């Protein structure tokens, strides 16, 4: 792993740590076991990604090459991502508005873990899992039809949606679902944008669509 990537990952880790500290500050308490569970799991997840994912893919996800056809979405998703945590902190820690049974939080946490496992699986299988909507001719992009892509065409977006929703429930906040809804709508929009690009510009994608008919959910959509 080159020094630039290590430096970027170190900065990202510091930013994440500051965000978590900010969440507990907004909550006004550190006695939030499910918050610790979610953030602790994500810290471990970061190490797993570094260990199992291709360094070139990580570079592409952090700083995509070429022109992104949807450049405003990544910063908007980041803003909504942080807003979800802030909402959950104020809801659960300070104002105590939401009431979610512990059993539901546990189930949501397990589903969140499964969603992250699906995301890592998708990234491991798909070397072209960029954070940008762009045709990666510079990286020799081709159709990926193995792993989860044998069942749905956009498993990354599908698993991310599971993570976004279940994370809010695991934290114990119904209100955090409010900024989550536009995140899901954005992923749906990006699904259509990406499909249009791949269908017109990536060799073999039209045939792949005939074999794998569903975008997110088998036999539904």
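Hey, does segment 82-96 have a residue that's within 21 Å of residue 23 (Cβ to Cβ), free of Cβ contacts under 8 Å to residues at least 24 places away in the same chain and more than 16 Å from the chain's Cα centre (by Cα)? Step through it out loud before you land on a result.
In the first step, residues of segment 82-96 are kept if they are within 21 Å of residue 23 (Cβ to Cβ); the result is 82-96.
Now drop any that are not free of Cβ contacts under 8 Å to residues at least 24 places away in the same chain, which leaves 95-96.
Within this subset, residues satisfying the condition of being more than 16 Å from the chain's Cα centre (by Cα) are 95-96.
Looking for residues that are within 21 Å of residue 23 (Cβ to Cβ), free of Cβ contacts under 8 Å to residues at least 24 places away in the same chain and more than 16 Å from the chain's Cα centre (by Cα), one finds at least one in segment 82-96, hence yes.
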Filter the helices (runs of 4 or more DSSP H) completely within segment 111-221 down to those with at least 3 residues that are under 16 Å from the mean Cα position of the chain (by Cα) and farther than 18 Å from residue 49 by Cβ.
155-171, 177-201
Among the residues of segment 74-90, is there at least one that is outside any helix (DSSP H, G or I), surrounded by fewer than 15 Cβ atoms within 10 Å (Cβ to Cβ) and at negative phi?
no
Among the residues of segment 118-144, count how many are free of Cβ contacts under 8 Å to residues at least 12 places away in the same chain and surrounded by 16 or more Cβ atoms within 10 Å (Cβ to Cβ).
0
So, in segment 62-81, how many residues would count as being within 20 Å of residue 17 (Cβ to Cβ) and either modelled with pLDDT under 90 or more than 14 Å from the chain's Cα centre (by Cα) (or both)?
1
As an exercise: evaluate residue 58 against (1) under 26 Å from residue 88 (Cα atoms); (2) in contact with a helix residue (DSSP H, G or I) (Cβ under 7 Å, 6 or more places away or on another chain); (3) not in a loop (DSSP other than H, G, I, E, B) and give the number of the one condition it does not meet.
(1)
Suppose the filter is surrounded by 14 or more Cβ atoms within 10 Å (Cβ to Cβ), part of a helix (DSSP H, G or I), modelled with pLDDT of 90 or more and more than 15 Å from the chain's Cα centre (by Cα); does residue 38 pass it?
no
Return yes when residue 156 is touching a residue at least 24 places away in the same chain (Cβ under 8 Å) and on the phi > 0 side of the Ramachandran plot and no when it is not.
no
Looking at segment 94-110, which of the residues that are at pLDDT 95 or above and crowded, with 17+ Cβ neighbours inside 10 Å is farthest from residue 166 (Cα to Cα)?
100
Residues of segment 5-35 classified as over 21 Å from the mean Cα position of the chain (by Cα), touching a residue at least 40 places away in the same chain (Cβ under 8 Å) and either more than 27 Å from residue 108 (Cα to Cα) or not in a helix (DSSP H, G or I) (or both), total:
3
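Given the criterion over 21 Å from residue 125 (Cβ atoms), modelled with pLDDT of 95 or more and buried (at least 19 other Cβ atoms within 10 Å of the Cβ), identify the matching residue among 155, 179, 148. Give the steps one after another, and end with the answer.
Numbers: 155 fails: over 21 Å from residue 125 (Cβ atoms); 148 fails: over 21 Å from residue 125 (Cβ atoms).
Matching residue, one of 155, 179, 148: 179.
The values are calculated or read from the model by the stated rules, or taken from the named source; none is laboratory data. All of these numbers come straight from a predicted model, not from anything done at the bench. Neighbour counts are summed over all protein chains in view; Cβ atoms, including those assigned to glycine, are modelled from backbone coordinates with ideal geometry.
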